[in-house]
1. Before we move on, is residue 483 in contact (Cβ under 8 Å) with a residue 60 or more places away in the chain, surrounded by fewer than 16 Cβ atoms within 10 Å (Cβ to Cβ) and in contact with a strand residue (DSSP E or B) (Cβ under 6 Å, 6 or more places away or on another chain)?
2. What strands (runs of 3 or more DSSP E) lie completely within the stretch 652-709 and have 1 or more residues being within 24 Å of the chain's Cα centre (by Cα) and without any contact (Cβ under 8 Å) to a residue 40 or more places away in the chain?
3. Quick one: is residue 73 assigned by TED's automatic domain parsing to the domain that holds residue 610 and under 16 Å from residue 526 (Cβ atoms)?
4. Checking the conditions here, which among 444, 459 is assigned to a strand (DSSP E or B), touching a residue at least 12 places away in the same chain (Cβ under 8 Å), on the phi > 0 side of the Ramachandran plot and in the same structural domain as residue 364 (by TED's automatic domain parsing)?
5. Scan the stretch 146-170 for residues that are modelled with pLDDT under 95, more than 18 Å from residue 67 (Cα to Cα) and in contact with a helix residue (DSSP H, G or I) (Cβ under 7 Å, 6 or more places away or on another chain) and report the count.
6. Among (1) in a strand (DSSP E or B); (2) crowded, with 16+ Cβ neighbours inside 10 Å, there is one condition residue 332 misses while meeting the rest; what is its number?
7. Do you know which residues across the stretch 292-325 are within 30 Å of residue 110 (Cβ to Cβ) and surrounded by fewer than 21 Cβ atoms within 10 Å (Cβ to Cβ)?
8. List, please: which pairs have Cβ atoms under 7 Å, are six or more places apart or on different chains, and start with a residue in the stretch 315-326 that is without any contact (Cβ under 8 Å) to a residue 24 or more places away in the chain and end with one that is outside any strand (DSSP E or B)?
């Protein structure tokens, strides 16, 4: 009989381990005997695929019966905590630069940021989620305690209720684990930040887990007189009550103070400013107060696994933001660069969202068909309270120099009133039916009851809305091969109505919700740790704007057609990549103002591209080289489509070095944004009916040092 020595078997297993490092999930080693002897038992060696820096295949968005990106019939991208740290991202604006489908839509320094996705403005009341719960968008959400950011493009009624057709952004909090780290960071403009990340498990069976994140930042942007500061704290608790049940608690609080930086406007309404200075604060008055933004987000979730097929959950969450909004605001620019300065004051601008949800998820069979069911009942309450703000003309300035100091207004604030009161109750039902290994269908939707009232500054009601709507969500999915997924989907949505600008006849009135419709075709191809995606979409939404009679109205619709391509994951043994391309055709149709029709809509480029790389240097253990670029074609800077800002290409470069010293793990990160100091208009959007221009950030170097102790 022929036998193998044990040492030889060891060598075979070591060889198997080397193959698993190349991304193989499992291999089998057979020690065979000669044909006339019994075969030895099979030895199975399993190794998990190597983790990639820039790709996380699992998502946490509620409503989907699948959790793997490759299997979900929707266009989704993720930004991991590792990539957030590599890029020294501070706010969502730094995160979404990784996705070509997302751009700034009035995102000034010192104010909460707004974004455009698939050519549609996101809604601050419904387009942002934290762990699947509604999150107020009137805050710059801290990233120190986020495990990843998930960007769902397209209709998202199931995930967030009433939302824009552009999509939603879901922040995922870090959960408890054994970690003790401190990070110090500085940038070339003088800003600095200190952050800690502490976590662990307690109890005899380690059933109690905690995660604490604290941060303080001194903000020094490239614009003069706009320094600020930010303090943040968060706590995540997990209690493994039993093998089947778990309780999760999250709370985070942030306070930020900083002068907001007004945007430029077209000179005389028809010319893009030239030769402007990066560091000039328009309208600067030394007595003007900073904007103060205080936010508190908290949630409690209980999960119980009934059996191996069924799970139920119950959750409650609250998101609260209070903004003291002050500005010496530059407004109405003439052809020579002169502008008016307004003393704007709107303190105690309060936003509140409470949400309660209960859900049931499971699977069962009917004959040869397998069902994956997701059922959820939710109730959301939203409230906006504000002052009848002051907006008083006090003087003038010019874009070429700092203005003189004027006397602030002595006007008193008007009434503090509730401008919006909204209650939404919804039943979500989604059933993914798998007919066989190749074909499946997603059937369901949201049955929504809305009871909403809007009020004027004098307290009188200006709108009452009470109705029921069914918002269907359907998808047909085909899997011709194991790692290839094709889908065709249809969905209808409902979005929160917009608030009228201050100069409209119905100033500050919140209009009725907007309806939207989406058709989408997509393909997803998985190659081990690399995912390719393509999506072709057709989106329409009711249009709300100020007409020629100065009335803020619902009129016509915005119609967007687009193609999105994405590649994220590991493209080679040492190379991680995330690349996205977005082609968008956006038009206003059937609106009364002819000048607004027949051309690309404002602030939506026809082409946008983004790519970021991380390369592990094989010659130097622990060293990664980083590179990135963002490209945008030209885009219109006004609603009539007569003025464009030029396209731009911006490059980033950096490095990350992990090493061990004195018994501790260390990570040094260096990043240089806008490497070639390109001056460009990053944002040409509209806010409250007015058009604004914001410059991109000049070359900025950032260095951080993290120690795990």
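1. Considered against the rule, which asks whether it is in contact (Cβ under 8 Å) with a residue 60 or more places away in the chain, surrounded by fewer than 16 Cβ atoms within 10 Å (Cβ to Cβ) and in contact with a strand residue (DSSP E or B) (Cβ under 6 Å, 6 or more places away or on another chain), residue 483 comes out as yes.
2. Values: elements: 664-673, 681-683, 700-708.
Where strands (runs of 3 or more DSSP E) fall fully within the stretch 652-709 and carry at least 1 residues being within 24 Å of the chain's Cα centre (by Cα) and without any contact (Cβ under 8 Å) to a residue 40 or more places away in the chain, they are 664-673.
3. yes
4. 444
5. Matching residues across the stretch 146-170 total 1.
6. (2)
7. Restricting attention to the stretch 292-325, the residues satisfying the condition of being within 30 Å of residue 110 (Cβ to Cβ) are 292-299, 317-325.
If the condition is that a residue be within 30 Å of residue 110 (Cβ to Cβ) and surrounded by fewer than 21 Cβ atoms within 10 Å (Cβ to Cβ), then 292, 294, 296, 298, 318, 320, 322, 324 are the ones that fit.
8. Correct list of pairs: empty, since none qualify.
The values are calculated or read from the model by the stated rules, or taken from the named source; none is laboratory data. Since the structure is predicted, the reported quantities are computational estimates derived from the model, not experimental observations. Glycine gets a Cβ as well: all are built from the backbone with ideal geometry, and neighbour counts include every protein chain shown.
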